[in-house]
1. Add +1 for every Lys or Arg and -1 for every Asp or Glu among the other residues with Cβ under 12 Å from the Cβ of Asp78, and state the total.
2. How big is the charge dipole of segment 171-218 about its Cα centre, in debye rounded to the nearest 20, if each Lys and Arg gets +1 on its Cβ and each Asp and Glu gets -1 on its Cβ?
3. To the nearest 10 square angstrom, what accessible area does Glu47 show with a 1.4 Å probe?
4. Using the per-residue mean of other Cβ atoms lying within 10 Å as a proxy for protection, in what order, highest first, do the peptides 242-248, 353-359 fall?
5. Between Leu181 and Gln370, how high is the FRET efficiency from 1/(1 + (r/R0)^6) when r is the Cβ-Cβ distance and R₀ = 35 Å? Nearest 0.05.
6. When the accessible area of segment 159-269 is split by element with a 1.4 Å probe, what percent falls to carbon and sulfur?
7. Give the distance, in whole Å, between the Cα centre of segment 56-75 and the Cα centre of segment 321-352.
8. From the Cα gyration tensor of segment 336-417, with a ≥ b ≥ c the square roots of its eigenvalues, which class applies: rounded if a/c is under 1.5, or else prolate if a/b is larger than b/c, or else oblate?
Amino acid sequence: MKFLRAMKKLKIKKQIIAAVMACVLGIGGIYSVHASVINDAKNKKNEAQQELDNLNSQIDEIQAAQSDLQEEMDAYDDQLMALLTDMDLLENDMDAKQDEIDQANADLEVAQEKEQTQYNAMKTRIQYMYENGDSNYWEAMMGATSITDLLNRVEYVSEVYDYDRKQLTAYQETVQQVADLKDQLNAQLAEMEELKISYEDQASSLQALIAEKSAAMDNFDAQLASAKSLASQYADTIKKQNQIIADEQARQAAEEAAARRAAQQQQQNAGNQSNTTGSDTNASASGSGTGLTSSGLNPAHTTNVSGSDVVAFASQYVGYPYVYGGNSLTEGADCSYFVMACFGQYGISLPRNSYSMQSCGQAVSYDCAQPGDIICYPGHVAIYMGNGRIVHASSPTNGICYGSATYRTILTIRRVL
């Protein structure tokens, strides 16, 4: 009897062990089936994530390049606007200069008429003296009533001749002065016309650069749109693979739970059978889950450099050539390099372009300008010499030369010494 009970208990234990093994094997089979799908989804997700990371890096690079390009375009726009403003001011200066030339032409005509009138009067008097011979002259002399009267008559005739000569000389000098002024005004207008051509060339270059940069910006926009489209696709792929992984893990968890419940049920049935036969064998299992306009501006000097020394240094190069964009005081320089190099000789650092020099140092009123101050015109800079004179790299025709400080509209005067 005892032997039979022992054999029955052993049989029940075997059933329990078989149930547990079946549960383990079932769960292992479930895990193997779902692991293949999950691993495949993870591989696809990782590939998509890597591509997405690469695209995000490309997007960052494109956006950085766009930002740099936009800064360049903004700078070119600022230069173009400043250049167009300078061109408008230059047009005004040219109109004013043409008015001066017209007035000089009118003054020249008047002076020439006066010269001709004086010349004709002298010819008439000379012709009269010649046609009547010297008899009238001697008669006038002989008609004198005294030595004093005689001397007065001789002196009168001499004064007439001297007056005629002086008047003619004065008119001739006036004609020459007006003609010289006209030539000077024409030379200044020619210089402005050269500068206008230079402005137009610079404006064309800036517009071409802006168009080129705009095309590059459009290309960046296309690249960015393409990269973002691909990034969106890879993000969708990652989202889909995450969903596949979550679904498979949920199914795996459900099937594992079902297998455990089945094993627990088998163990419970075996335990009940053991209890029925007097056995005290128990079984248990556990689950798991998943889860310039003001006056009096005269700032103090901030350096020990003498403005007169700067002027003297700059004057050494009068007569040397002007070259647009040139960087040599002897081989050729433009206005901004000339000013920058002359001040650089004394350790004063200035920007390379005339537009930026308008913000250097401190503002000075024209009535307080001193030698060594920088006079800024539209698109041009010069060094003030004092007494209304400047030294500057003027134009291809004039080269480095002296000139009048007020020959053009002054935008601002800067003191950097």
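1. -4
2. Working: 3 positive and 10 negative charges, 26 e Å.
In debye, rounded to 20, segment 171-218 gives about 120.
3. Accessible area of Glu47: about 120 Å².
4. 353-359, 242-248
5. That pair, Leu181 with Gln370, gives E of 0.80.
6. Ligands and nucleic acids excluded, carbon and sulfur reach 51 percent.
7. Value for the Cα centre distance between the two parts: 34 Å.
8. Numbers: a/c = 1.36, a/b = 1.05, b/c = 1.28.
The shape class here is rounded.
The values are calculated or read from the model by the stated rules, or taken from the named source; none is laboratory data. Only a predicted model underlies this, so the values are computations on that prediction, with no experimental measurement involved. No Cβ is skipped: glycine too gets one built from the backbone with ideal geometry, and neighbour counts run over all protein chains shown. The protein model used for the area step is the full one, side chains on, heavy atoms only, and it has no ligands, DNA or RNA in it. Shrake-Rupley method; radii C 1.70, N 1.55, O 1.52, S 1.80 Å.
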